[in-house]
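See below for the structure under consideration.
The values are calculated or read from the model by the stated rules, or taken from the named source; none is laboratory data. Here the structure is a predicted model, which is why all the values come from computation and not from measurement. Because the Cβ atoms are built from the backbone with ideal geometry, glycine has one as well, and the counts that use them run over all protein chains shown. Ligands, DNA and RNA are stripped out before the accessible areas are found, and what is left, the full protein with its side chains, is counted by its heavy atoms. Shrake-Rupley method; radii C 1.70, N 1.55, O 1.52, S 1.80 Å.
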Amino acid sequence: MESDTWQVVGKKKATKKLSHLKENVACNPAGSEQPPILYTAKDCTDVMKRMNDTMGDLRTSNFWKCCQGCLLKCQEILPVSSDDSSIKEEFTRKLNLEGSISTCVSLQHCNCVCYGLGNFTSCVVSRNQMALLLLFMETFKIPRHQCYVFDPIFSPLEIAVLQKLGLTVLMKNEEGKHAVCKPTVFYMLHCGKALYNNLLWKNWSCDSLSQMIIIGNSFKGIEERLLSRILQRDYMYVYKSLLIVEETPFPKSNLYSDVFNDTSIHSFPSAKLKSLPKETWQLQDEPQYQDCDDLEIILSPTR
């Protein structure tokens, strides 16, 4: 995708094909033999409306009220100054009294990286996951342009909607190998084990891991479901991280059982990181997955 460019159909050509529409856009990677995929301004508007409706439903749900308590965990990646301390105390007090967040500590200096969102225009599960992401950023005041989103299966319409929402769409498949340079929340619901493993490998140091929060599949669940020898052979960094990760599970919900099941917030406390022997951090071999039978990741075409 890195070398792909998106083309816009000229007004004359678009009018000839669909004269009753005000705007017709054809998104087609350069050099592709497939016919261009058309979407209209109305398509974008319809998707945006469905997304707003989904956010509204989630915002008023008991699940979201319970979920906000778990999301307090994300504040741990924000350095605490003397000014922040009083705000955090007030934030916690309000949460305890009211059961929901009405005032919160801003994470506006943090980045957010989202992988594996899926086709939210057609999939209700993906749309609800995206709604939670938007509510999370809204609650913690993370500017939308500081959220970097990628999924190799995004359609041109979905890319357009994400850009309209103000999110930054990545056009390169990083395979999860995103280096942390500042406090970052990774939002990776229902992603493959290799994606988590690659992310951990890329940031395998005390400094980087301490600045990360991963909202995604439970690492404890991965450990329980996978044979130990397979976990150690194919997903070594997930295996090693079990010694240092602190995991907070999402609340259970019958209404959203297919959407947020097996989801936890993972953090890497500095005290745990520093307690490990130095040889722990000498493991730096890049994952290859040559013997992996069920690789749950779409590899970059530039490999």
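Each label point is 7 Å from the Cα along the Cα-to-Cβ direction; what then is the distance between the points at Leu165 and Ser61, in nm?
1.5
Does region 172-303 come out rounded, prolate or oblate, given a ≥ b ≥ c as the square roots of the eigenvalues of its C-alpha gyration tensor, rounded meaning a/c under 1.5 and, failing that, prolate meaning a/b above b/c?
rounded
Sequence gap at least 6, Cα distance under 8 Å: using those rules, report the relative contact order of region 159-303 to the nearest whole percent.
About 29 percent, as a whole number.
Please go through the residue pairs Lys202/Lys278; Lys177/Lys220; Lys193/Lys278; Lys65/Lys274; Lys164/Lys252 and name each one whose alpha carbons sit more than 29 Å apart in this structure. Provide the component values of the computation, followed by the final result.
On the way: Lys202/Lys278 17 Å; Lys177/Lys220 22 Å; Lys193/Lys278 26 Å; Lys65/Lys274 34 Å; Lys164/Lys252 32 Å.
Long pairs (Cα-Cα over 29 Å): Lys65/Lys274; Lys164/Lys252.
Calculate, for Leu283 and Asn119, the FRET efficiency according to 1/(1 + (r/R0)^6) with r their C-beta to C-beta distance and R0 41 Å; round to the nearest 0.05.
Efficiency, rounded to the nearest 0.05: 0.70.
Could you give the length gained on full extension between Asn52 and Cys292, defined as 0.36 nm per residue of separation minus the Cα-Cα distance, in nm?
Here the answer is 82.4 nm.
Hey, got the dipole for region 160-303? About the Cα centre, +1 on K and R Cβ, -1 on D and E Cβ, debye to the nearest 20? Before the final figure, lay out each step's value.
On the way: 16 positive and 17 negative charges, 88 e Å.
Charge dipole of region 160-303: 420 debye, to the nearest 20.
Under a Cβ-only charge scheme (Lys and Arg +1, Asp and Glu -1), can you give me the dipole magnitude of region 227-303 about the Cα centre, in debye to the nearest 20?
400
How much of the accessible area of region 145-200, in percent, comes from carbon and sulfur atoms when a 1.4 Å probe is used?
56
With the Cα gyration tensor of region 119-196 giving a ≥ b ≥ c as the square roots of its eigenvalues, does the rule (a/c under 1.5 for rounded; else a/b larger than b/c for prolate; else oblate) give rounded, prolate or oblate?
rounded
Would you please classify the overall shape of region 106-258 from the alpha carbon gyration tensor, given that a ≥ b ≥ c denote the square roots of the eigenvalues, rounded means a/c under 1.5, and beyond that prolate means a/b larger than b/c while oblate covers the rest?
prolate
Could you give the length gained by full extension between Thr45 and Glu247, i.e. 0.36 nm per residue of separation minus their alpha carbon distance, to one decimal place?
Using 0.36 nm per residue and subtracting the Cα-Cα distance, I get 68.9 nm.
How long is the gain from Asp207 to Ile230 if the chain were fully straight, where each residue apart is worth 0.36 nm and the alpha carbon distance is subtracted?
5.5 nm
Would you give the gap between the C-alpha center of region 243-286 and the C-alpha center of region 215-240, rounded to a whole Å?
11
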